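Enquirer: Quick one: the structure is below, questions incoming.
The values are calculated or read from the model by the stated rules, or taken from the named source; none is laboratory data. Source: prediction; values computed, not measured. Note that we place each Cβ from the backbone using ideal geometry, even for glycine, and neighbour counts take in every protein chain shown. In case anyone asks, the SASA skips ligands and DNA or RNA and just uses the protein heavy atoms, side chains included. Shrake-Rupley method; radii C 1.70, N 1.55, O 1.52, S 1.80 Å.
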Amino acid sequence: MQTAFLDSSNIDKAAEYLKSGEVVAFPTETVYGLGADATNEEAVRKIFEAKGRPSDNPLIIHVASVKQMERYVESVPDVARKVISHFWPGPCTLVLNKKGPIASSVTGGMETIGVRMPSHPVALALIDKVGVPLAAPSANSSGKPSPTTALHVKRDLEGKIKAIVDGGATGVGLESTVLDLTDPQKPTILRPGGVTREELEAVLGHVWLDAHLSDDSAAPKSPGMKYKHYSPEKPVWVLPESLAEAKEILDQLEVEGENVGLLASEDWLKHLKTDRRKNCSLGDKNRPQQAAARLFSALRELDDEDISVILVEPYQKTGIGTAYMNRLEKAASRIL
């Protein structure tokens, strides 16, 4: 298949492809999504084929309005209305009980569905033109770092999908928060993401965390949480929180002749940066949103270098740092 490359002014052509049952990659504020008509079973299957994604890993549907969402969920409880009023459009997915003609492969056989309204203008315009929700996981080969530019999508999926819409680099850089509201009295985060637990609790009061986020033996309920994910070809090691310990590990690896890639904040790079290493910045240590936005892109960048291992600085598991560490730990082969 020849993949068409479209700019953000060519929404009509991308919509035509989607209406005809094809798969199109497009930008959102989180990462690039791989979209198909969520009501078309054959089109949705093409997503799984292009990505090499396991068929029991459910997809999130993307809508252009609350009214559109209401056609595909049984009800919208008050707690969901609160989240919508504060965080939509934006990087927050709501899990609700489904209804309507959604393709069965979207939900992985479950009676619930994840739905969000993205804030990226290209995504919203495209969904509106197509007129139905778009099922859209991240537009990468399954298991690889999620794509934050159209070039990342091209490298993974060229020749496997009908088109890529280039809308520039994404902003958040990590996927959406997934919030289970099937029990309105117990809002539960299934996947941390662009909307933090602290932000949700400021609106809702206490928000629970799903058991699998702290217990690997518990069964996950959210896309991207069940399988090894976000991993480049090179092994990823998570450094200790201590700068001194991290320096010892890096120095010892170089004594042993390893070619090391270092992904760290500017604060750490001041102390750890050398010409012997391939260095990549996560930005200001005190602005973890920069690290979140750069993580996937930086992992891909270092994966292209002549190195044997990628070592990455950890961040505190608060705010957006929780989502950053969730993705980093899933990408890692070792946590030092």
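Enquirer: Run the helix sum for the chain: -39,500 (n - 2.57) per DSSP H stretch of 4+ residues, divided by residue count, reported at 222 nm to the nearest 500 deg cm²/dmol.
Expert: Rounded to the nearest 500, it is -9500 deg cm²/dmol.
Enquirer: Among the lysines, select those whose C-alpha is under 22 Å from the C-alpha of residue 234, and discard any that sit fewer than 8 residues away in the same chain.
Expert: Cα-Cα hits under 22 Å: 51, 144, 154, 226, 247, 273, 278, 330.
Enquirer: Based on the Cβ-Cβ distance of residue 317 and residue 128, what FRET efficiency does E = 1/(1 + (r/R0)^6) give at R0 = 51 Å, to the nearest 0.05?
Expert: The value I calculate is 0.85.
Enquirer: What FRET efficiency, computed as 1/(1 + (r/R0)^6) with R0 = 45 Å and r the Cβ-Cβ distance, is obtained for residue 12 and residue 241, rounded to the nearest 0.05?
Expert: Step by step, r from the Cβ atoms, then E = 0.35.
Enquirer: Something else now. How large is Rg over Rh for region 131-271, taking Rg from the Cα atoms and Rh as the Kirkwood inverse mean of 1/r across Cα pairs?
Expert: Rg/Rh for region 131-271 comes to 1.03.
Enquirer: Of all accessible surface on region 66-160 at a 1.4 Å probe, what whole percent is carbon and sulfur?
Expert: 50
Enquirer: Something else now. 7 Å from Cα along Cα→Cβ at both residue 249 and residue 55: what's the point-to-point distance in nm?
Expert: Inter-label distance under the simple model: 4.0 nm.
Enquirer: Could you look at region 1-45 and say what percent of its accessible area is carbon and sulfur, using a 1.4 Å probe and all protein chains?
Expert: Percent of accessible area from carbon and sulfur atoms in region 1-45: 39.
Enquirer: Moving on. What accessible area per residue, rounded to a whole number of Å², is obtained for region 1-151 using a probe radius of 1.4 Å?
Expert: Result: 37 Å² of accessible area for each residue.
Enquirer: Something else now. List the residues, sorted by chain then number, that are 5 or more residues from residue 283 or on another chain and whose placed amide H is less than 5 Å from its amide H.
Expert: HN-HN under 5 Å from residue 283: 266.
Enquirer: Given +1 on the Cβ of Lys and Arg, -1 on the Cβ of Asp and Glu, and no further charges, what dipole in debye does the chain carry about its Cα centre, rounded to the nearest 20?
Expert: Charge dipole, the chain, about its Cα centre: 640 debye, nearest 20.
Enquirer: About the Cα centre, and with charges only on the beta carbon of Lys, Arg (+1) and Asp, Glu (-1), how big is the dipole of region 58-154? Nearest 20 debye, please.
Expert: The calculated dipole for region 58-154 is roughly 180 debye.
Enquirer: How big is the shadow of the Cα convex hull of region 229-324, averaged over all directions, in nm²?
Expert: 5.7
Enquirer: A further question follows. Within the accessible area of region 170-212, what % is carbon and sulfur when the probe is 1.4 Å and the other protein chains stay in place?
Expert: That share works out to 50 percent.
Enquirer: Still on this structure, I have one more. Quick one: length gained pulling residue 4 to residue 274 fully straight, 0.36 nm per residue minus the C-alpha distance?
Expert: Length gained, residue 4 through residue 274: 93.0 nm.
Enquirer: Something else now. Return the Rg/Rh ratio of region 172-212 with Cα-based radii and a Kirkwood Rh.
Expert: My calculation of the ratio gives 0.95.
Enquirer: Across every pair of different alpha-carbon atoms, what Kirkwood hydrodynamic radius in Å does the chain reach?
Expert: That comes to 20.2 Å for the chain.
Enquirer: Hey, could you get me the Stokes-Einstein D for region 19-108, Kirkwood radius over alpha-carbon pairs, 4 °C and 1.567 mPa s, rounded to whole µm² s⁻¹?
Expert: Rounded, D is 92 µm²/s.
Enquirer: If amide hydrogens are placed 1.01 Å from N in the peptide plane, which non-local residues have theirs closer than 5 Å to the one on residue 93?
Expert: Residues meeting the amide H criterion: 177, 178, 179.
Enquirer: Oh, and also: Looking at the chain as a GNM with Cα springs under 10 Å, which of 60, 164, 249 has the largest mean-square fluctuation?
Expert: Between 60, 164, 249, it is 249 that shows the largest mean-square fluctuation.
Enquirer: Sort 70, 22, 49, 245 by accessible area with a 1.4 Å probe, largest first.
Expert: 49, 245, 70, 22
Enquirer: Test of understanding: in a Gaussian network model of the chain with alpha carbons linked when under 10 Å, which of 266, 248, 305 would top the mean-square fluctuation ranking?
Expert: 248
Enquirer: Would you mind counting up the charge near residue 163? Only other residues with Cβ under 9 Å from its Cβ, with Lys and Arg at +1 and Asp and Glu at -1.
Expert: Combined, the nearby Lys, Arg, Asp and Glu give +1.
Enquirer: Right, another one. Out of 291, 202, 64, any idea which swings most in a Gaussian network model of the chain, alpha carbons joined below 10 Å?
Expert: Sorting by GNM fluctuation, first place goes to 202.
Enquirer: Report the Cα centroid-to-centroid distance between region 54-71 and region 249-309 in angstrom, as an integer.
Expert: Region 54-71 and region 249-309 have Cα centres spaced 36 Å from each other.
Enquirer: Could you calculate the contour length gain from residue 97 to residue 308, that is, 0.36 nm times the residue separation minus the distance between their Cα atoms, to one decimal place in nm?
Expert: Contour length minus Cα-Cα distance gives 71.4 nm.
Enquirer: Hey, what's region 257-313 come to in accessible area per residue, 1.4 Å probe, Å²?
Expert: Per-residue value: 45 Å².
Enquirer: Follow-up. When only alpha-carbon atoms count, how far does region 58-204 stretch along each of its three principal axes, as whole angstroms with the largest first?
Expert: Computed over the Cα atoms, the extents are 45, 34, 27 Å.
Enquirer: Turning to a different aspect of this structure: So, by mean Cβ neighbours within 10 angstrom, what's the order for 154-161, 2-9 with the highest one leading?
Expert: Sorting 154-161, 2-9 by mean packing, highest first, produces 154-161, 2-9.
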